[in-house]
Amino acid sequence: MSADISRIDPEKLHPTPGYHHITVVEAGRTAYLAGQCPLDRSGTLVGPGDLDAQIDQVAANALVALAAVDAGPERVVRSVIYVVSDDVAILGAAWRRLTGSVIGPAFTTASTLLGVARLGFTGQLVEVDLTAALPARTSGE
């Protein structure tokens, strides 16, 4: 966590499994990442029918996208996770795999986990939508 991003859990709200109820960004620029899908560089779906493989690909893709704006997962201030399932156990497993992934710190912020009926690509089981607070540009950039 950096000085320009703070995370808050009001005492009168329920405890969370790792995320915070509120994320405050003091100042700076914002990057809105498109939903990160489980596609490889050629656009082929990775891991048809394998939620874990798809989560790993989404995490890898998100890491590349964040790096493209000189950010890492610790700069994420909002996440929305979409999983094709209405099973609480599967949703929980997806949450745990994401929080244990290379982008795990992204999910300590304001996060929403949704079970959905379908996503955009045939066979797609997961998608992650991230918003990152970027450091202010230094002079000369």
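Using 0.36 nm per residue and subtracting the Cα-Cα separation, the extra length available between Ser42 and Thr122 on full extension is 27.2 nm. Highest average first, the peptides 82-90, 32-40 ordered by how many other beta carbon atoms sit within 10 Å of their residues are 32-40, 82-90. Enumerate the residues in the range 98-139 having an amide nitrogen under 11 Å from the point lying 7 Å beyond the Cα of Arg29 toward its Cβ. Of the residues in the range 98-139, 134-139 have backbone N under 11 Å from the label point off Arg29.
Work out the FRET efficiency for Val64 and Thr112 from their Cβ-Cβ distance, taking R0 = 22 Å, and round it to the nearest 0.05. Efficiency, from the Cβ-Cβ distance: 0.45.
Full extension of the chain between Asp52 and His14 gives 10.8 nm of extra length, using 0.36 nm per residue less the Cα-Cα distance.
Take the chain and mark each of the trypsin sites (Lys or Arg not before Pro) that is in a DSSP loop with at most 12 other Cβ atoms within 10 Å; the longest unmarked stretch, sites excluded, is 42-117. Packing around the peptides 60-73, 13-26, 120-133, taken as the average count of other Cβ atoms within 10 Å per residue, puts them in this order, highest first: 120-133, 60-73, 13-26. Taken as Cα centroids, the range 1-42 and the range 83-141 sit 10 Å apart, rounded to the nearest whole angstrom. Which of rounded, prolate, oblate describes the chain, given a ≥ b ≥ c as roots of the alpha-carbon gyration tensor eigenvalues and a/c under 1.5 marking rounded, otherwise prolate only if a/b is larger than b/c? It is oblate, given that a/c is not under 1.5 and a/b is not larger than b/c.
Bear in mind that the values in this text are calculations on the coordinates, not laboratory data. On a predicted model such as this, the values are computed, not experimentally measured, just so you know. Ideal geometry is used to build each Cβ from the backbone, glycine not excepted, and the neighbour counts take in all protein chains shown.
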